[in-house]
Amino acid sequence: MSGSAPASAWHHANGAGSRKPNRVDRLGRQRVALAMAGFCLLFGVLAIRLVVLGASGGDTDDNGRHFVLAASQARPDIVDRNGETLATDIKTAALFAEPRYVIDPDEATELIVSVLPELDRGRLRRILSTDAKFAYIKREITPRQQQAIHKLGIPGIGFRVENRRFYPGGPVASHVLGTVNIDNRGIAGMEKHIDEAFLNDLQAAGFAGDHALKPVPVSLDLRVQHVVRDELSKAMERYQAIAGVGIVLDVNTGEVLGMSSVPDYDSNNRDELLDPNRLNRAAVGVYEMGSTFKAFTVAMALNSGIAKVTDSFDATHALRVGGFSIDDFHGKRRWLTVPEVFIYSSNIGAARMALAVGTEGQHDFFEQLGLLDTLNTELPETGAPIIPKMPWAKVTTITMAFGHGMSVSPLQTAAAGAALVNGGFYVSPTFRPRAIETAATLARPVLTAETSDTMRKLFRLNVMKGSGRRAEVEGYGVGGKTGTAEKVENGRYVSDKRRNAFLAAFPMDAPKYLVLVVIDEPKPEAPGRGATAGSNAAPTTGNIIRRIAPMLGVEPKAVDPTEEPALALASAR
Amino acid sequence: MMRWLQVVCVIAAAGAAVFVFQVKYRAEAVAERATDLQRQIDREVETTSLLEAEWSLLNQPARVQEVVDRHTELLGLQPLDPAQITKLENLPMRPSGPAPSDEAALSAILQAETGESE
């Protein structure tokens, strides 16, 4: 074995290498070392790669789950100002087919129809017989139906998890919330606003995951919203009215705490949305608001300095202008002071005030109060006011002074009314929560603080002594103005069909909230009794205030601080 | 010496292979568990949101009002009147009775008075 067969270096290395190292042996060692270094390098790289992967977290998540959950778009919950849920997503199953994988369309059809008998057999068979990749069979099926179909084990049939919008309150805030279509896209109200404001963009960018969306708060207070709707429904029944509108507004921030228009629709039942009788009369409908406008006229006259609160206006006889005769409903036939014009709701007095201010002044003032332009809120639905073209005729100025000849939405009227009592600032109404600081930057001064103070007293006086007596709620210092407008039918005013309004705010020493109630075509409560605003809209407003004031933390006062100043104003000469 | 090195290398290689496979299977198991947990979380979140919806359904003012109306008579309920709301400082002080130490003396006087009048 020793050196006799020098066949290979390997032989040398093994046999004689240990005893007598030669050149070939050294070479072998070098090769082995080289190979070891090479492997070390290789494994080193692998190890480093492993550490890098470990540190970066790795993509172990399965992607299929995301596909299923993203089948129908997720929407953020909508909550009220106190965090109560108004709208939320719940998961439902949608039944779909992959027709190219359906083996026996006839059998599959029979099996599916046995669970979902409402499906059209012929149509379903046609769908399943095609070579399509994907087709919905029925969406929004119940868990029980899903279970039953799952048990049938039909190949080529599957379920997709979809988001379905659910409104726990049903119709309670439908005109504000709006509703969605079957693809969970907003088609009305705040839902549509959310889509347009950010959700569509988020989804396009792929950021609208299932639980990634924060709830969207709205300015509504669910409790107030319920009270408004409840009292309106009761009023509609009691006075056999055809419709009703109620709005509660924070006069300082412009937040809408409650807005209801009955009859309304159930947000869960989107078919009702199309019924024209269920339209949003509060924001979309525009109406002649009647005598509530006298509050604006009086404020205008006082603010312009043309009339002082102690001035009197001639209401001894009807006012004749351009072939029209303007008369009072219950004429006093004497000179009336400004407070008297207000509480007796004198058409003649209001007309004379508007004439004294002039058409230009009236136009500017109404414009300042936002009564001439379409109101912009978050809601996509909004009604454009109907205003005569400028220049207004003298008679137009006169009729507008008591709320005829121009039509505005109730929400617009409420926002303008808030400016009369909040110290003289117009703040555009909003359906999103708004801080008082934000409101202050948006506010537009319309009246002097002094005029606003006088208006508060006039409103209060009207509830104490005038037409708004039945809106009184002991302790809350309610003030308000009635408006009874005859409705136009076939181009003529008809005296037995009225649209009654009551514009109120409380507490009048420092108003916090405004309540506007409009009742459409109320009948007398009992035969022989009146059906003017004072006998239906005013008590409804009072009922609303009685219930919401404790919720809103307005403190009832045992001694009313608003009473004395209001009475002093009435007796001022 | 070379032979020993070889043996050690083979053993190390085998050991490494066993270790790597173990890690691989463990990683798979962990991934599966993570997916499972994720699925469970999703399910729990779903359940939570469903329960929240039900909670708000049951707490709807309209429903609460109906329940209250149904039990008004039984519970003797009535709407809140503004006159019933007041502040603590507006309440009159509770009239304070005589201190216990005075009570004996007072009753003695009272007894003496009534005794005399008889």
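Just so you know, all these numbers are worked out from the coordinates, no wet-lab data involved. Predicted model only: the values in this text are computed from it and were never measured. Cβ placement follows ideal geometry from the backbone for every residue including glycine, while neighbour counts extend to all protein chains displayed.
A few remarks follow.
- Among A:377, A:454, sorting on how many other beta-carbon atoms sit within 10 Å of each Cβ, with the fewest leading, yields A:377, A:454.
- Cα shape, the range B:17-77, gyration tensor, a/c 1.5 rule: prolate
- Whichever aspartates and glutamates have a C-alpha closer than 14 Å to that of residue A:138, once near sequence neighbours (fewer than 8 apart) are set aside: A:98, A:118, A:120, A:162, A:183
- Under 5 Å, built H, 5+ apart or other chain: amide partners of residue A:77: A:216
- Globularity index of the range A:165-292, i.e. its alpha-carbon radius of gyration over 2.2 N^0.38 Å: 1.16
- Net +/- balance of residues flanking residue A:443 in space, Cβ distance below 12 Å, scoring K and R +1, D and E -1: +1
- Angle of helix B:2-58 to the longest C-alpha principal axis of chain B, folded into 0 to 90 degrees and rounded to 10: 30°.
- Taking amide H atoms as placed 1.01 Å from N in the peptide plane, the amide H of residue A:164 lies under 5 Å from those of A:90, A:91, A:92, each 5 or more residues away in sequence or on another chain.
- Cα-centre dipole for the range A:245-358 with unit charges at Cβ (Lys and Arg positive, Asp and Glu negative), debye to 20: 680 debye
- Hz values of 3J(HN,Hα) by residue in the range A:317-332 - Karplus curve (6.51, -1.76, 1.60), Gly and Pro given as x: 8, 4, 9, 9, 9, x, x, 9, 10, 9, 10, 8, 5, 10, x, 8
- Whole-Hz ³J(HN,Hα) from phi, Karplus 6.51 cos²θ - 1.76 cosθ + 1.60, for the range B:94-106, glycine and proline x: 5, x, 8, x, x, 5, x, 5, 7, 4, 4, 4, 5
- Positive-pole candidate from A:390, B:29, A:284, dipole of the protein assembly as shown, charges at beta carbon: B:29
- Each label point was placed 7 Å from the Cα along the Cα-to-Cβ direction; for residue A:509 and residue A:238 their separation is 2.9 nm.
- Axial C-alpha extent at least 30 Å, average Kyte-Doolittle at least -0.5 - helices from chain A (DSSP): A:23-56
- Chain A - percent relative contact order, Cα under 8 Å, separation 6 or more: 13 percent
- Of every Cα-Cα pair in chain B, the percent that sits beyond 18 Å: 83 percent
- Solvent-free Debye scattering, log10 I(q)/I(0), computed from the Cα coordinates of the range A:68-217 at q = 0.09, 0.12, 0.21 Å⁻¹: -0.36, -0.60, -1.17
- For residue A:387, net neighbour charge (Lys/Arg +1, Asp/Glu -1) across residues whose Cβ lies under 11 Å away: -1
- Neighbourhood charge, 15 Å Cβ-Cβ cut-off, centred on residue A:145 and excluding it, Lys, Arg +1 and Asp, Glu -1: +4
- Across the range A:426-433, coupling constants 3J(HN,Hα) worked out from phi with the 6.51/-1.76/1.60 Karplus curve, θ = phi - 60°, read 8, 10, 5, x, 9, 10, 10, x Hz, and Gly and Pro carry x.
- Panel note: the C-alpha atoms of the protein assembly as shown, placed on their principal axes, show extents of 150, 96, 57 Å (largest first).
- Residues whose placed amide H lies under 5 Å from that of residue A:313, excluding near-sequence neighbours: A:336, A:337
- Computed over the range A:68-217: relative contact order in percent, which uses C-alpha pairs under 8 Å that are six or more apart: 36 percent
- About the Cα centre, charge dipole magnitude for the range A:68-217 (Lys/Arg +1, Asp/Glu -1 at Cβ), debye: 140 debye
- Dipole magnitude for the range A:423-573: about 340 debye, using +1 per Lys or Arg Cβ and -1 per Asp or Glu Cβ, origin at the Cα centre.
- Gyration tensor (alpha-carbon) shape descriptor, the range A:91-144, a/c threshold 1.5: oblate
- The range A:225-571: C-alpha gyration tensor shape, a/c 1.5 cut-off, then a/b vs b/c: rounded
- Whole-angstrom gap from the range A:399-438 to the range B:2-23, using each part's C-alpha centre: 85 Å
- Our helix-only sum for chain A, with -39,500 (n - 2.57) per DSSP H run of n ≥ 4 divided by its residues, gives a mean residue ellipticity at 222 nm of -11500 deg cm²/dmol.
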